[in-house]
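Notes for the one structure printed next.
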Amino acid sequence: MAAAIDRGAVDTPLLEETIGDNLASTVARQPDDEALVVPHQNIRQSWSEFAATVDEVAKGLLARGVQKGDRVGMWSPNFAEWVYIQYATAKIGAIQVNINPAYRTSELEYALNQSGCRMLVTCTSYLTSEYREMVESVRANVPDLIDVVYFDTDDWSNLLAEGSSVSDDELASRSASLDRNDPINIQYTSGTTGFPKGATLSHRSILNNALLVGEACGYSTVDRVCIPVPFYHCFGMVMGNLACSIYGATMVIPCPTFDPNAVLQTVQDERCTSLYGVPTMFVAQLGHADLDSFDLSSLRTGIMAGSPCPIEVMRQVIDKMNMSQVTIAYGQTETSPVSTQTSTTDSVEHRVTTVGRVLPHVESKIINPETGDVVERGADGEYCTRGFHVMLGYWNDDEKTAEAIDDEGWMHSGDLATMDDDGYVNIVGRIKDLIIRGGENIYPREIEEFLYTHPKIADAQVIGVPDAKYGEQVMAWVQLQPGESMTSDELVEFCTGKIAHFKVPKYVRFVTEFPMTVTGKIRKLEMRETSIAELGLENERSETA
């Protein structure tokens, strides 16, 4: 049996340039093609118009004294200004700090201080988030922050006006001084314990990740990519925006925060060819009461990523949303973010049952997490990856960086995976999510996939809860299809005889939604704590701890 280690092809040469230089190439090739469409702001720009706005913003930042390597925070939902700041900071060598729009004061203060932000760009408020109030409440505790720009006020036009004092030559000179390996982006990872860590990424890592992700989707100048995933995460800004600017495809921003109706309407109105989302987003769209009334015939491809993609959801996306060439991508913020992806030419079976093969120019291996030895193909172990896509490190945290990246440059994911004989990878769970019941190792995802096959079930998440006798018991949180009802006994009966007895959920909780991060990742730790409290299992936990 072959070892579970693989290397991607090297046919596609990597881009050895900065983000600014790459954007300039696209603008020169197709200045009049549509670059950015933001219906909720009534914005529609060609590549030449988009580039001109980016330059205005870049000059404004220079006029404010932003130096190469200075950190500029961006804190907002998906607005055009987010995209302008993304490219403008890249052109002048400032490091953009992506701040989760769901953050509140303590998290904001931590991110600003940990990264040493000099400037913060944000909006005054959005829905229940009073951004200005939060900024003002922490500002006295953030000594490095000397400039705040609220882009939905006169601050924005003032920034652009100040930029008029900066010449084209000054901007060109700054851009020419940059190196493709310079740090350009800090993204805070939402760890389940402790403070978030700032994954630091370079021009080269995110530009080439976008290049190869776009290649797997078969992008060209005719594509129009609907991007409802948050920009603050790599999914939006790298796989979305950067992939579009590399290939000259159109960035289409349907809504500030995810809204299934707005997404479906935008896909129809803008004739989008590609659609992104985490599984919960696609579940919401598939469950839209009027799904059949939208014309989705323009869709061809897209990416489902961010968390394990249920097989049944994937099949429905292909069948009901016309996404015959939809791809699955897997990775993490620390790997810019993708390390494996299916391609549009992979079989449906591979696209619904795996996360694809290793990207070009990337290495992957599956190891025994206890010994570090590479396992055989077909066996499960920890997924590790190495290559251009691995982060430079965690910002100002050498200790955590050393824990994540070993001496040979391998990034350890913490995910359990298998690799088959053809190199296709399947993620079977998180090492920390593994349920051990009476000595039996149980992967929650396996039970989740089975529960999805019940016609009444729209979504399911499985966790382990403490048990004095077995150590842990299986619990399922279940979201039903609209208008359906079910009892715990019915669910147990459905499982009995079809999956091993020790995998049948002992506890069932029916919910309308799951606790999740803004990127759509399920907060299983929160689910576990809630369940322990509701079921009164605190004593079991103390006995088995």
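Using a cutoff of 8 angstrom between alpha carbon atoms and counting only pairs six or more residues apart, the relative contact order for the chain works out to 13 percent.
Note on SER48 and GLU529: with the Förster distance fixed at 45 Å, the Cβ-Cβ geometry gives a FRET efficiency of about 0.30.
Placing dummy labels 7 Å off each Cα toward the beta-carbon, the span from GLU170 to LYS498 is 6.7 nm.
Take the Cα radius of gyration of the chain and divide it by 2.2 N^0.38 Å, N being the number of residues; the result is 0.97. Here the label points at ASN539 and ASN113, each 7 Å from Cα along the C-beta direction, are separated by 4.2 nm in the simple model.
If you plug the beta carbon distance of HIS40 and GLU513 into 1/(1 + (r/R0)^6) with R0 = 22 Å, you get a FRET efficiency near 0.40.
Run the accessible area of the stretch 101-220 with a 1.4 Å probe and give the carbon-and-sulfur part as a rounded percent.
Of the solvent-accessible surface of the stretch 101-220, carbon and sulfur hold 47 percent.
Relative intensity of the stretch 363-409 on a log10 scale, I(q)/I(0) at q = 0.14, 0.22 Å⁻¹, equals -0.40, -0.83, per a Debye sum over C-alpha point scatterers of equal strength in the absence of solvent. The charge dipole of the chain, taken about its Cα centre with unit charges on the Cβ of Lys, Arg, Asp and Glu (plus for the first two, minus for the last two), comes to roughly 200 debye. Among the cysteines of the chain, those with no neighbouring cysteine Cβ under 4.7 Å are CYS117, CYS123, CYS217, CYS234, CYS244, CYS255, CYS309, CYS384, CYS495. What separates the Cα centres of the stretch 420-460 and the stretch 1-41 is a distance of 33 Å. Counted over the chain, the DSSP beta bridges are approximately 60% antiparallel.
Round to a whole number: what % of the accessible area of the stretch 351-422 belongs to carbon and sulfur, probe 1.4 Å?
39
Each residue was assigned an accessible area with a 1.4 Å probe, and for ARG29 the value is about 140 Å².
As a quick test, which of the pairs LYS320/LYS432; LYS498/LYS521; LYS469/LYS524 have an alpha carbon distance above 32 angstrom in this structure? Going by Cα-Cα distance, LYS320/LYS432 fall outside the 32 Å limit.
Any chance you could run the full-extension gain for LEU434 through ASP259? It's 0.36 nm times the residue separation minus the Cα-Cα distance, nm to one decimal.
Difference between extended and current length: 59.8 nm.
In this rough spin-label picture, where each label sits 7 Å from Cα along the Cβ direction, the ALA24-THR12 distance is 2.4 nm. Between ASN368 and THR153, full extension at 0.36 nm per residue minus the direct alpha carbon distance yields a gain of 72.0 nm. Taking the helices alone, the chain has a mean residue ellipticity at 222 nm of -9500 deg cm²/dmol, built from -39,500 (n - 2.57) per DSSP H run of at least 4 residues and averaged over all its residues.
Find the accessible area per residue for the stretch 376-453; the probe is 1.4 Å, ligands and nucleic acids are left out, and the unit is Å².
Spelled out: the 1.4 Å probe surface of the stretch 376-453, per residue, equals 45 Å².
The values are calculated or read from the model by the stated rules, or taken from the named source; none is laboratory data. No experiment lies behind these values; they were computed from the predicted model shown. No Cβ is skipped: glycine too gets one built from the backbone with ideal geometry, and neighbour counts run over all protein chains shown. With ligands, DNA and RNA removed, areas are computed over all heavy atoms of the protein, side chains included. Shrake-Rupley method; radii C 1.70, N 1.55, O 1.52, S 1.80 Å.
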